[in-house]
1. Quick test for you: out of 355, 400, pick the one residue that is buried (at least 21 other Cβ atoms within 10 Å of the Cβ), closer than 30 Å to residue 281 by Cβ and modelled with pLDDT of 95 or more.
2. For the range 201-236, which residues satisfy the criterion of being over 30 Å from residue 481 (Cα atoms), part of a loop (DSSP other than H, G, I, E, B), more than 13 Å from the chain's Cα centre (by Cα) and not hydroxyl-bearing (Ser, Thr, Tyr)?
3. Of the numbered conditions (1) in contact with a Pro (Cβ under 8 Å, 6 or more places away or on another chain); (2) over 30 Å from residue 95 (Cβ atoms); (3) in contact (Cβ under 8 Å) with a residue 40 or more places away in the chain, residue 253 satisfies every one except a single condition; which is it?
4. Could you check the range 186-224 and list, in sequence order, the residues that are in contact (Cβ under 8 Å) with a residue 60 or more places away in the chain, of a type in the set (Val, Ile, Thr) and crowded, with 24+ Cβ neighbours inside 10 Å?
5. Within the range 82-139, work out how many residues are assigned to a loop (DSSP other than H, G, I, E, B), aliphatic (A, V, I, L, M), more than 22 Å from residue 169 (Cα to Cα) and more than 16 Å from the ligand (Cβ to nearest atom).
6. Out of the residues in the range 445-467 that are assigned to a strand (DSSP E or B) and in contact with an Asp or Glu (Cβ under 8 Å, 6 or more places away or on another chain), which is nearest to residue 259 (Cα to Cα)?
7. Under 6 Å by Cβ, and 6 or more places apart or on different chains, what pairs join a residue from the range 369-384 that is within 15 Å of residue 433 (Cβ to Cβ) with one that is outside any helix (DSSP H, G or I)?
8. State all residues of the range 165-201 that are more than 13 Å from the ligand (Cβ to nearest atom) and among the charged types (D, E, K, R); if no residue qualifies, say none.
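The values are calculated or read from the model by the stated rules, or taken from the named source; none is laboratory data. Keep in mind the model is a prediction, meaning the values are calculated, not measured. With ideal geometry, Cβ positions are generated from the backbone for all residues, glycine too; neighbour counts draw on all protein chains shown.
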Amino acid sequence: MELNKLTAHQLKDLIAKKEVKVEEVTKAYIDRVKSIDDKTGAFLYLAEEEAINHSKLLDEKISKNENLNALSGIPVGIKDNISVTGMQNTCASKILLGYKSPYDAHVIEKIKKADGIIIGKLNMDEFAMGSSTENSAFKLARNPWNLETVPGGSSGGSAAAVAACEAPLSLGTDTGGSVRQPASLCGVVGLKPTYGRVSRSGVVAFGSTLDQVGTFGKDVEDCALLTQCIAGMDSKDFTTADIPVDNYKDSLQKDLKGKKIGIPKEFFKEGLDDGVRKAVEEAIKVLEENGAEVKPCSLPLAEYGLSAYYVIACAEASSNLARFDGIRYGHRTKDPKDSIDIYFKSRSEGFGDEVKRRIMLGTYVLSAGYYDAYYKKALKVRNLIKQDFQRVFKEFDAIVSPTSPTTAFKIGERKEDILAMYLSDIYTVPVNVAGVPAISVPCGFSNGLPVGLQIIGDYFKEDTLFNVAYSYEQSTKWHNMLADL
Ligand code: GLN
């Protein structure tokens, strides 16, 4: 049996029945990473010793007939912007090289309490800025379905690790699409929860009013399992909501009778690849066959989502990244003349081009003379986009669209064409701007590369997303397909 090809819920059953040891499972994944990660570039740090030690402790618990908690010894890969005690947290930036987290992020505390095993830290675009993982300061990540193409981004390592069977589950962060877009490009499931559903404490901030931690798995059940573990209120993040977390397992139903699904016409305009369009249209038919009532709907302001996003995200990033000054964390320039020189040179040497571009843009839109024209206007647009979604959710339970307008693109293809790169998030960004939840599920292939279906839900209705996604998945075969690596 190839343990690393199984889903987390299958592994959980085997461990519960004592058919495999936690250590065997962990070793299978560590071996896989060692043999394949040269190709995928998904891992920045493999936590071999820590993971094996943790597995042994859990096996001991099991041998004493103690039951394990929800994640029962299943390895979880973590994006390298989420703090894990004693491990690096570089955000794939040279400025944080050598920095180790002194504490666990809230989501990591929860994973550890659930008996999940942290298997390593995963590659990403520097400070989560990008859509291809090409902005990692350390190495390229590659799409397991075609190593000449990108895995998407910014959580490209998290998606590639699951798609290449290097981890059954992983965490990413999604500020504008960074969980859903790589999930779509790598043919795995990825969820961005409602803003406020999951704590951001211990997660390096990019755009604080947009960031959410999201989950990856090979199928919807796995994604629901990990989301269940990390969701909920946290006193250390005052934006988390005091709203009970549903039991997501109950939502894994095939029947969609009574569910109303809206298809936003604005998400099917020019720029959408023919192959992607076809796969998504086929998927919509499946939802109808499973009992959903499908009707067109309109989100007229969504097209301004990308412009508003780049103003708001850059503004927040310019402020959040001010703390990386060469004094407190990571890289400090050699032989500075004075304290200003420390800031100036450490930041110039430590940050990559895309990060610098965004800090400059953000500083500009927040500056006294331009604040009203850009930042304040973007906030107004944001409100209108929210209202658009609220209006549609009065009538519909879910909205369905492509996750990304194209499949995985070639490495290097969009590196110099910034606008083309930004456009890969055109369907995912409005979701963050409004703060609603959305999931991407595999819905077929175009030219041999995976296509993702995005299902968007109302605030805190992750249960509806799991229901619709599961229903679709159970009627199709895509989630059972693995990249041949
Ligand atoms: N690709 C988008 C950006 O570059 C979204 C990134 C994200 O969600 N972290 O900002």
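1. On the way: 355 fails: closer than 30 Å to residue 281 by Cβ.
Step by step, each of 355, 400 is checked, and only 400 is buried (at least 21 other Cβ atoms within 10 Å of the Cβ), closer than 30 Å to residue 281 by Cβ and modelled with pLDDT of 95 or more.
2. Let us first name the residues in the range 201-236 that are over 30 Å from residue 481 (Cα atoms), namely 201-211, 232-236.
Imposing the further condition that a residue be part of a loop (DSSP other than H, G, I, E, B) reduces the set to 201-202, 204-211, 232-233, 235-236.
Applying the additional criterion that residues be more than 13 Å from the chain's Cα centre (by Cα) yields 201-202, 204-209, 232-233, 235-236.
Scanning the range 201-236 gives 202, 204, 205, 206, 207, 232, 233, 236.
3. The number of the failed condition is (1).
4. Scanning the range 186-224 gives 188, 189, 198, 203, 204, 213, 220.
5. The number of residues fulfilling the criteria is 1.
6. Here the residue is 457.
7. Filtered contacts from the range 369-384: 384/301.
8. Residues satisfying the conditions are 166, 197.
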